[in-house]
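The values are calculated or read from the model by the stated rules, or taken from the named source; none is laboratory data. This one's a predicted model, so the numbers in the text were calculated from it and none came from an experiment. Cβ coordinates were reconstructed from backbone atoms using ideal geometry, including for glycine residues, and neighbour counts include every protein chain displayed.
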Amino acid sequence: MKKYICLLSFLCITSINAQIDPVKYPTYTDMEAALKSDKTVYSLSFRDKGLFNLPPDIKKMDAVFFLNIMGNNFEKLDEALFSLPQLQILNINENSIKYIPDEISKLKKLTTFSMNLNQLTELNPEFAKLQNLKVVHLDANNLSVFPKALTEISGLEEINLHSNQISIVSDIDKIKNLKFLNLSSNQINDLNETGFPNKLKYLELQKNMLLTLSKNILVLKNLEFLNVGENKISEIPPQIKKMKNIISLNLGNNQLKSLPKEIADLKKLRTLILTGNPLSVAQVENLRKQMPNTQIYF
């Protein structure tokens, strides 16, 4: 599992780096070279340097908008970090940080915050003051509830909380602009009282303990990708027909013995995963005839 999370972490930073023009904003990996540069320094990466603290001279880099300190030995967020007023993209993956201090609220311009593979048990309420945030990744920490601070940042578009210990989820519907949500590999068994924002397009809930497919998910008309594989779902309600824009649906490795006839109404569905369910071959073959444009895996 750790190897898988590390891969996700790598993909995350690769995606973040792709946002940066390497010609216009060269990334410095050495503090001394950055200090000697005759150009304004916008991007710094101290990845895998074995650091316990940030170089003190980073305080002089007041134009930096990208900082990568992934894969070091940080046990807390260095005070020097909060002296970077222009910081927009921050990657702190693969450290040993247990809490986020109040000073995090100083980073007003942050748009992307990635802190996978650390030891967070909760998210500081001050985090909610980062109202410019669009992307938050907190995979593989020790969170037990969906962080309240995130529900107070309505502009968030992407949240990834894969591989925590979350069992309680509430108020997600307050995050009005949310399009991508990953809650896979947690301990969620009931979402029937949980609302979701209408703009949601991508929802991952695999590897939880769900017994039912919540009606609040079935009414998400903009949802295109839904993964509820590896749960304990035994029935899919007829209301699934409301998911008119669904393109990919993973129901694999659940306890489904049958499917509602209404599933054939999903005209935009291109991928349906049914592997690992106690369905009969005849049922699946009949479904394939009804849904010739859908690739069905069984």
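With in contact (Cβ under 8 Å) with a residue 12 or more places away in the chain, touching an Asp or Glu at 6+ places or on another chain (Cβ under 6 Å) and of a type outside the set (A, V, I, L, M, F, W, C) as the only criterion, which of 199, 215, 207 stands out? Going through 199, 215, 207 in turn, the sole match is 207.
Got at least one residue in the range 108-124 being surrounded by fewer than 22 Cβ atoms within 10 Å (Cβ to Cβ), of a type in the set (Val, Ile, Thr), within 25 Å of residue 184 (Cα to Cα) and over 15 Å from the mean Cα position of the chain (by Cα)? Scanning the range 108-124 turns up at least one residue that is surrounded by fewer than 22 Cβ atoms within 10 Å (Cβ to Cβ), of a type in the set (Val, Ile, Thr), within 25 Å of residue 184 (Cα to Cα) and over 15 Å from the mean Cα position of the chain (by Cα). Within the range 127-139, none of the residues are among the small types (Gly, Ala, Ser), more than 20 Å from residue 92 (Cα to Cα) and at pLDDT 95 or above.
No other residue among 168, 175, 104, 188 is over 20 Å from residue 204 (Cβ atoms) and among the aliphatic types (A, V, I, L, M) apart from 104.
Being of a type outside the set (D, E, K, R), touching a helix residue (DSSP H, G or I) at 6+ places or on another chain (Cβ under 7 Å), more than 22 Å from residue 162 (Cβ to Cβ) and modelled with pLDDT of 95 or more is a description that applies to residue 239.
What are the residues in the range 207-226 that are on the phi < 0 side of the Ramachandran plot, under 18 Å from the mean Cα position of the chain (by Cα) and crowded, with 20+ Cβ neighbours inside 10 Å, if any? Listed by number, the residues that qualify are 208, 217, 223, 226. Among the residues making up the range 246-263, those that are of a type outside the set (Ser, Thr, Tyr) and out of contact with any strand residue (DSSP E or B) (no Cβ under 7 Å at 6 or more places or on another chain) are 253, 254, 255, 256, 257, 259, 260, 261, 262, 263. Is there a residue in the range 159-168 that is surrounded by 15 or more Cβ atoms within 10 Å (Cβ to Cβ), modelled with pLDDT of 95 or more, touching a Lys or Arg at 6+ places or on another chain (Cβ under 9 Å) and more than 30 Å from residue 108 (Cα to Cα)? The answer is no; no qualifying residue exists.
For (1) touching a residue at least 60 places away in the same chain (Cβ under 8 Å); (2) of a type in the set (Asp, Glu); (3) closer than 25 Å to residue 97 by Cα; (4) not in a loop (DSSP other than H, G, I, E, B), each residue gets a yes or a no:
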{"position": "133", "(1), (2), (3), (4)": "no, no, yes, no"}
{"position": "139", "(1), (2), (3), (4)": "yes, yes, yes, no"}
{"position": "142", "(1), (2), (3), (4)": "no, no, yes, no"}
{"position": "155", "(1), (2), (3), (4)": "no, no, no, no"}
{"position": "162", "(1), (2), (3), (4)": "yes, no, yes, no"}
{"position": "173", "(1), (2), (3), (4)": "no, yes, no, yes"}
{"position": "185", "(1), (2), (3), (4)": "yes, no, yes, no"}
{"position": "188", "(1), (2), (3), (4)": "no, no, yes, no"}
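Answer yes if at least one residue in the range 141-150 is in contact with a Lys or Arg (Cβ under 6 Å, 6 or more places away or on another chain) and either surrounded by 21 or more Cβ atoms within 10 Å (Cβ to Cβ) or of a type outside the set (Ser, Thr, Tyr) (or both), and no otherwise. Within the range 141-150, none of the residues are in contact with a Lys or Arg (Cβ under 6 Å, 6 or more places away or on another chain) and either surrounded by 21 or more Cβ atoms within 10 Å (Cβ to Cβ) or of a type outside the set (Ser, Thr, Tyr) (or both).
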